[in-house]
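Enquirer: Okay, handing you the structure first.
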Amino acid sequence: MNKNAKTKKKNQDPTQAVGQMMMPLAVAISQGLRELVIDTGVSVVQQLLEDDRTELCGQRYQHDPERKAGRGGHAPSALPFGGRKVQFRRPRAIGKDGHEVPLPLWQQLAEHDPLDDRAYEQMVVGVATRKYHRSLEPMPEPMPESGTSKSSVSRRFVRESAKRLEHWLSRDLRELDLVTVMVDGLHVTDHVVLCALGIDAGGRKHVLGLWEGATENGAACRALLADLVERGLPTDRSLLWVIDGAKALRSAIRNTFGQRSKVQRCQVHKRRNVESHLPKRLHTQVGRAMSQAYKAKSVKTAKRQLTNLARSLEQEHPGAAASLREGLDETLTVVGLGLPKLLARSLSTTNPIENLMGRIRQVSHRVKRWQGGQMILRWVAAGVGEAEQGFRRLKGYRNMPALVDALRRHDAELNQENQELDSEALVA
């Protein structure tokens, strides 16, 4: 050993040397501990199953005239463990009629199968079916396992996602104190999935329903609204509806809820629509003018500013002017409610439901081949489930009582008008 090597060894920190020695030992201990835990768990289950069989068959090698069954050896079986199925020697008990008597513990273990939940969670977070096995903790070599193939994982995901979709689409909406509903469509291949997001009086968000259709047409919109009403969406009080401007959806809302629907057209979508008719050099100028009008304190002021803007665009850009005038009043619905600034900004656009749609796309982006509308609905519902876990209250939720008061005032006005019409009808 040369002089430099001796000096380096002499100057080495003793704690560092001990740490280097302990690292392989720690890895070996962790691997041994995992195998110990697994082996111990399997032994405990085997002993508990044997105790169940003893309860039915009595003690081994002892005559018991009151025994309910006799021992029937063991049968190769499988139990869910760690995201897969592991092979297991199951004790058998044979009844006096010659049929096998199920062991209570085995029935409980068989009825509770967590593999569907595990496969569902793994796929939702982005694990491919081919890589599912690699995402699991390794098992001791002698222990055979199954249930981790691509086809097995796919079947489990389909089964679990279908079950969750059915449960989710049948939820009762009567207990939700809803004041606002946002509706938007998600395009997947040749299909459109309409999604409804509700906001209650406390500013909490709730995904209310989904409906799949070939296009975002009136039939699909009416079907979604009919489903929501059937499950408890109120029709006897006013709600604020925030939509992107689809004519079929607006018509369906009007036909279903009548005058008790306060429709707000998304101001961001309206601005994009107008800008699409303009050269790029005018986008910033026109967009700033529209935003300034939407911030006005009164509908009269905002409408005057937007009308003047449309008049200035009429000669050179008639398409932009027509787009600005189309549905102009409905882009100012929230302005007319007199809400505080932050809450008004949150309810003037479909941004909350756009964020939901973005989360759905993140969850489903790994799907390469879509096989029909049912598959699309299952994946959209899976994305909704993930998005709901991260839902936050609507910005400005502390001022939600102001929205509730405005909607109730609208109801009072409608009731007064209806009473006056009834009185006039009686007089006539």
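Enquirer: Roughly how many nanometres apart are two label points built 7 Å out from the Cα toward the Cβ at H167 and L342?
Expert: So the two model labels end up 3.5 nm from each other.
Enquirer: Using θ = phi - 60° and the Karplus curve 6.51 cos²θ - 1.76 cosθ + 1.60, what whole-Hz ³J(HN,Hα) does each residue of region 91-103 get, with Gly and Pro shown as x?
Expert: After applying 6.51 cos²θ - 1.76 cosθ + 1.60, I find x, 10, 10, 10, x, 5, 8, x, 9, 6, 9, x, 7 Hz.
Enquirer: Next question, about the same structure. Mind putting a number on the dipole of region 156-268 about its Cα centre? Charges go on the C-beta only, +1 for Lys and Arg and -1 for Asp and Glu, and I need it in Debye to the nearest 20. Walk me through the numbers on the way to the answer.
Expert: Numbers: 17 positive and 14 negative charges, 35 e Å.
Magnitude of the dipole: close to 180 debye.
Enquirer: For the chain, give the share of DSSP beta bridges that are antiparallel, in percent and rounded to the nearest 5; count only bridges with both residues there.
Expert: 80 percent
Enquirer: Regarding region 37-87, what is the average projected area of its C-alpha convex hull, in nm²?
Expert: The number I arrive at for region 37-87 is 4.2 nm².
Enquirer: Can you run phi through the Karplus equation (6.51, -1.76, 1.60; θ = phi - 60°) for region 189-202 and list ³J(HN,Hα) in whole Hz, with x for Gly and Pro?
Expert: Ordered by residue, 3J(HN,Hα) equals 6, 8, 10, 10, 9, 7, 10, 10, 10, x, 10, 8, 5, x Hz.
Enquirer: Rounded to the nearest 10 degrees, what's the angle between the helix 218-230 long axis and the longest principal axis of the chain, both from Cα atoms, 0 to 90?
Expert: 70 degrees
Enquirer: Let me know the charge dipole size of the chain about its Cα centre in debye, to the nearest 20, where only the beta-carbon of Lys, Arg (+1) and Asp, Glu (-1) is charged. Can you show the working numbers first?
Expert: Working: 67 positive and 49 negative charges, 508 e Å.
Its charge dipole is roughly 2440 debye.
Enquirer: Which longest run of the chain has no exposed loop site in it, a site being trypsin sites (Lys or Arg not before Pro) in a DSSP loop with at most 12 other beta carbons within 10 Å, and the site itself not part of the run?
Expert: 175-296
Enquirer: While we're looking at this one, here's another question. Let a ≥ b ≥ c be the square roots of the eigenvalues of the Cα gyration tensor of region 178-417; is it rounded (a/c under 1.5), or, if not, prolate (a/b larger than b/c) or oblate?
Expert: Since a/c reaches 1.5 but b/c is at least a/b, the shape of region 178-417 is classed as oblate.
Enquirer: In region 48-104, which GluC sites (Glu not before Pro) fall in coil by DSSP and have 13 or fewer other Cβ atoms within 10 Å? Write down the numbers at each step before the final one.
Expert: On the way: sites: E50, E55, E66, E100; in loops: E66.
Answer in residue order: E66.
Enquirer: Would you compute, from DSSP H runs of 4+ residues alone, the mean residue ellipticity of the chain at 222 nm, taking -39500 (n - 2.57) per run and dividing by the full residue count, rounded to the nearest 500?
Expert: -17500 deg cm²/dmol
Enquirer: Counting only Cα, what are the radius of gyration and maximum Cα-Cα distance Dmax of region 340-428, in Å?
Expert: Looking at region 340-428, its Cα Rg and Dmax stand at 21.4, 67 Å.
Enquirer: Let me ask another. Helix 373-389 against the longest principal axis of the chain: what's the angle in degrees, Cα atoms only, rounded to the nearest 10?
Expert: 90 degrees
Enquirer: Just how large is the dipole of region 337-387 about the Cα centre, in debye to the nearest 20, putting +1 at every Lys and Arg Cβ and -1 at every Asp and Glu Cβ?
Expert: 200 debye
Enquirer: Could you point to the label whose value was computed as Cα Rg over 2.2 N^0.38 Å for the structure here, given [x] 1.06; [y] 1.48; [z] 1.00?
Expert: [y]
Enquirer: Based on alpha-carbon atoms only, what is the radius of gyration of region 256-361 relative to the globular estimate 2.2 N^0.38 Å?
Expert: Details: Rg = 14.4 Å, N = 106, 2.2 N^0.38 = 12.9 Å.
Against the empirical 2.2 N^0.38 Å value, I get 1.11 for region 256-361.
Enquirer: Tilt of helix 115-124 relative to the longest C-alpha principal axis of the chain, in degrees (0 to 90, nearest 10)?
Expert: Long axis of 115-124 versus the principal axis of the chain: about 50 degrees.
Enquirer: Let me ask another. Mind checking the full-extension length gain between Q87 and D117? Use 0.36 nm per residue of separation minus the Cα-Cα distance, one decimal, nm.
Expert: Separation in residues times 0.36 nm, less the Cα-Cα distance, equals 8.8 nm.
Enquirer: Separate question: Would you mind computing Rg(Cα) / (2.2 N^0.38 Å) for region 123-230, counting N as its residues?
Expert: Details: Rg = 19.3 Å, N = 108, 2.2 N^0.38 = 13.0 Å.
In units of the globular-protein estimate, region 123-230 measures up at 1.48.
Enquirer: Now for a different question. Mind scanning K303/K341; K205/K300; K205/K297; K247/K341; K303/K395; K163/K395 and naming the pairs with a C-alpha gap bigger than 24 Å?
Expert: Checking Cα-Cα distances, K205/K300; K205/K297; K247/K341; K303/K395; K163/K395 exceed 24 Å.
No lab work stands behind these numbers, since they all come straight from the coordinates. As the structure is a computational prediction, the values presented were derived from the model and not from experiment. FYI the Cβ positions are ideal-geometry reconstructions off the backbone, even for glycines, and counts take in every protein chain you see.
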